[in-house]
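Undergrad: Can you read through this structure? Questions will come right after.
The values are calculated or read from the model by the stated rules, or taken from the named source; none is laboratory data. Everything numeric in this text was worked out from a predicted model, so none of it was measured. Cβ sites come from the backbone with ideal geometry, for glycine too, and all protein chains shown count toward neighbours. Just the protein is used for accessible areas: all its heavy atoms, side chains included, with ligands, DNA and RNA removed. Shrake-Rupley method; radii C 1.70, N 1.55, O 1.52, S 1.80 Å.
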Amino acid sequence: QVHLEESGGGLVQPGGSLRLSCLASTSAFKSYNVGWHRQAPGKEREFVAAISYDGVNTYYADSVKGRFTISRDNARNTVYIQMNELEPEDTAVYYCSADCNGAYVIRGASDDWGQGTQVTVSS
C-alpha cells in the first residue's frame, strides 16, 4: 500500500496555470502506474491523466489533451501534473492514485488514493 499526498491546488484565473504534485510515502512508488482524476461538485469523478511506472507512456482525457502534462520524478517519489490554459470547467478536487495495474489507474479502480487538492478556476 502506498500513502499519497497531493499538493499545489488553489485559485487561479481562467487562462492561468497550476502544477499539482503527488508525493508517495515509499520508494516502491517507482513500480506503480499513477493517475490523476478529478471530481467537480455534483459530478462523477473523471479520469484526467495517467503515467506508466517508468514514465514512458502517458494518457490524457480529451478534455485536457494539449493543456495538461503529466510527468514523474521517481527519485523524489513524485508525480506532477502541469495544468495550463485553465478553464472554469477544470474546477474540481484533483486526486492522484497509484496501482501496479495501469488499466486500474485509468479506470479509477486503483487501490491507493490521496485525499485530494482543490483547484478553482475563476475570475
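Undergrad: Go ahead and set up a Gaussian network model of the chain, Cα springs under 10 Å, then flag whichever of TYR59, TYR95, TYR80 fluctuates most.
TA: Answer for the Gaussian network model of the chain: TYR59.
Undergrad: Taking Rh as the Kirkwood radius computed over C-alpha pairs, what is the Stokes-Einstein D of the stretch 3-106 at 10 °C in a medium of viscosity 1.306 mPa s, expressed in µm² per second?
TA: Roughly 116 µm²/s, to the nearest whole number.
Undergrad: Another question, if that's okay. Principal axis lengths of the stretch 62-115 from Cα atoms, whole Å, largest first?
TA: On the principal axes, the stretch 62-115 reaches 31, 25, 21 Å in Cα extent.
Undergrad: Give the accessible surface of the chain per residue, rounded to a whole number of Å², with probe radius 1.4 Å and ligands, DNA and RNA excluded. Each step should come with its number before you reach the end.
TA: Values: 6310 Å² over 123 residues.
Accessible area per residue, the chain: 51 Å².
Undergrad: A further question follows. Looking at the chain, which Cys residues are left with no other cysteine's beta carbon under 4.7 Å from theirs?
TA: CYS100
Undergrad: Over all distinct alpha-carbon pairs, what is the Kirkwood Rh of the stretch 22-81 in angstrom?
TA: 12.1
Undergrad: I'd like the carbon and sulfur percentage of the solvent accessible area for the chain, probe radius 1.4 Å, heavy atoms only, ligands and nucleic acids excluded.
TA: 44
Undergrad: Now, a different point. Assuming 0.36 nm per residue, please report the length gained on full extension of the stretch SER122 to ASP54 beyond their Cα-Cα distance. Could the numbers behind the result be given before it?
TA: Details: separation 68, 0.36 × 68 = 24.48 nm, distance 3.50 nm.
21.0 nm is the gain from fully extending SER122 to ASP54.
Undergrad: Taking the Cα centroid of the stretch 51-123 and of the stretch 1-36, what is the distance between the two, rounded to the nearest whole Å?
TA: Taking the Cα centre of each part, the stretch 51-123 and the stretch 1-36 sit 7 Å apart.
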